[in-house]
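Input: a single structure, listed below in structure tokens.
The values are calculated or read from the model by the stated rules, or taken from the named source; none is laboratory data. In this text, all values refer to a predicted model and were calculated from it rather than measured experimentally. Note that we place each Cβ from the backbone using ideal geometry, even for glycine, and neighbour counts take in every protein chain shown.
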Amino acid sequence: MLYKHITVFPDQAVDYLNPVPGKVYVDCTLGGAGHSKRILERISPGGTFIGIDQDLDAINNAHKILDCYKSDIHLVHDNFVNLSNILSKLHLSSVDGILLDLGLSLNQLKNSKRGFSFNADEPLDMRFNINTKITAKDVVNNEDKKNLVRIFRQFGEERFAVQIANNIVKYRQKKPVLTTKQLVEIVYESVPAKVIYKQKIHPATKIFMALRIFVNKELEMLDKFMKNAAELLNSKGRICVISFHSLEDRIVKHNFKEFAKECVCPPDFPKCVCNKKKIYCVLSKKAIRPQKSEIEANPMARSAILRVAEKV
Ligand SMILES: C[S@@+](CC[C@H](N)C(=O)[O-])C[C@H]1O[C@@H](n2cnc3c(N)ncnc32)[C@H](O)[C@@H]1O
């Protein structure tokens, strides 16, 4: 089946990354390889490209699109949090650009049959990498009520977290929740009809997003990655991150800000004792959002935020 994805910020993100021939670039989230192809168009022939995705479908698809470029290309099935190890295995210690386009691809949503969509009746899985242990089914059936409420509130900002968690617990006393359809039915029973009627989004949107973020440890991985990424960049190397969730964006913004700080000693100190040095120069002073025309052509772009930093 053809791999589906419409790239968000297709040219703008790559323009910011500024790939130049002969250098080394990493796309940490290959997806449909839309950004990767554009990077390779700029560095090939020559240069080194590393593409990472924790979904094997993305890796297999990327080979079909990228293998024709005459660069040193490595496509790696792994979590981007392991970038330092991935580079070591390739005998590389640093790179000239890193791109992250977070979240899930249209292909995962529509074709993967892993229960990412509330519009299909599929097994409750939601793992990006099918080799990891915990599925959404495990979470929904095994976590206690308190934890379910926490997950739905923290990662989904769901107003009816308590009611939904209550009804999940009641339901699973009779039979397990195995499919997306069962979960959607529980959500419909938990949210007042007048709220469902007024809402612009499907009532299960936030619950599905919260479960996906929890199952794939998305925020934890991003924060860990952001704390280590600067070490892997060469001077003048850039990092571009596209996020789709306010919690993701907060992590990106916070880490950029921390790495952009200079000495933090009180002004009356005669000499710096903190030894803090500016590591990043933030190029996106404000969050970069897609143009109206991009959102009209690709509704998945509506919540996208791009942030960019350059290593000093
Ligand atoms: C929005 S898509 C990327 C689309 C891509 N930029 C394009 O233009 O086609 C996000 C991809 O990132 C992958 N992904 C998410 N978190 C990841 C992680 N921690 N490590 C590796 N891949 C990850 C997902 O499996 C998915 O394929």
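Which ones in region 198-219 are of a type in the set (A, V, I, L, M, F, W, C) and without any contact (Cβ under 8 Å) to a residue 24 or more places away in the chain?
201
Which numbered condition trips up residue 234, out of (1) in contact with an Asp or Glu (Cβ under 8 Å, 6 or more places away or on another chain); (2) without any contact (Cβ under 8 Å) to a residue 60 or more places away in the chain; (3) farther than 30 Å from residue 130 by Cβ?
(2)
Let's see how each residue does on (1) modelled with pLDDT of 95 or more; (2) buried (at least 16 other Cβ atoms within 10 Å of the Cβ); (3) small (Gly, Ala, Ser):
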position: 124; (1), (2), (3): yes, yes, no
position: 145; (1), (2), (3): yes, no, no
position: 157; (1), (2), (3): no, no, no
position: 167; (1), (2), (3): yes, yes, no
position: 173; (1), (2), (3): yes, no, no
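All but one of (1) closer than 25 Å to residue 307 by Cβ; (2) part of a strand (DSSP E or B); (3) more than 7 Å from the ligand (Cβ to nearest atom) hold for residue 52, so report the exception by its number.
If we test residue 52 against (1) closer than 25 Å to residue 307 by Cβ; (2) part of a strand (DSSP E or B); (3) more than 7 Å from the ligand (Cβ to nearest atom), just (3) comes out false.
From the list 245, 202, which one is assigned by TED's automatic domain parsing to the domain that holds residue 287 and either modelled with pLDDT under 95 or more than 30 Å from residue 9 (Cβ to Cβ) (or both)?
Being assigned by TED's automatic domain parsing to the domain that holds residue 287 and either modelled with pLDDT under 95 or more than 30 Å from residue 9 (Cβ to Cβ) (or both) holds for just one of 245, 202, which is 245.
Are there any pairs, at least 6 apart or on different chains, whose C-beta atoms fall under 8 Å, with the first in region 52-65 and assigned by TED's automatic domain parsing to the domain that holds residue 81 and within 16 Å of residue 7 (Cβ to Cβ) and the second among the aromatic types (Phe, Trp, Tyr) and modelled with pLDDT under 95, and if so, which?
Matching pairs, first to second residue: 58/3; 61/3.
Yes or no, residue by residue, for (1) closer than 20 Å to residue 232 by Cα; (2) more than 7 Å from the ligand (Cβ to nearest atom); (3) buried (at least 19 other Cβ atoms within 10 Å of the Cβ); (4) not assigned by TED's automatic domain parsing to the domain that holds residue 288:
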residue: 16; (1), (2), (3), (4): yes, yes, yes, no
residue: 21; (1), (2), (3), (4): yes, yes, no, no
residue: 33; (1), (2), (3), (4): no, no, yes, no
residue: 39; (1), (2), (3), (4): yes, yes, yes, no
residue: 47; (1), (2), (3), (4): yes, yes, yes, no
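So which residues in region 89-108 are of a type in the set (A, V, I, L, M, F, W, C) and crowded, with 20+ Cβ neighbours inside 10 Å, if there are any at all?
Within region 89-108, 95, 98, 99, 100, 102, 104 qualify.
Sort out which residues of region 266-309 are touching a His at 6+ places or on another chain (Cβ under 9 Å) and loosely packed, with under 15 Cβ neighbours inside 10 Å, and write them in order of number.
Residues satisfying the conditions do not exist here.
So which residues in region 72-109 are in a strand (DSSP E or B), within 14 Å of the ligand (Cβ to nearest atom) and either of a type in the set (A, V, I, L, M) or free of Cβ contacts under 8 Å to residues at least 24 places away in the same chain (or both), if there are any at all?
The answer is 75, 76, 98, 99, 100.
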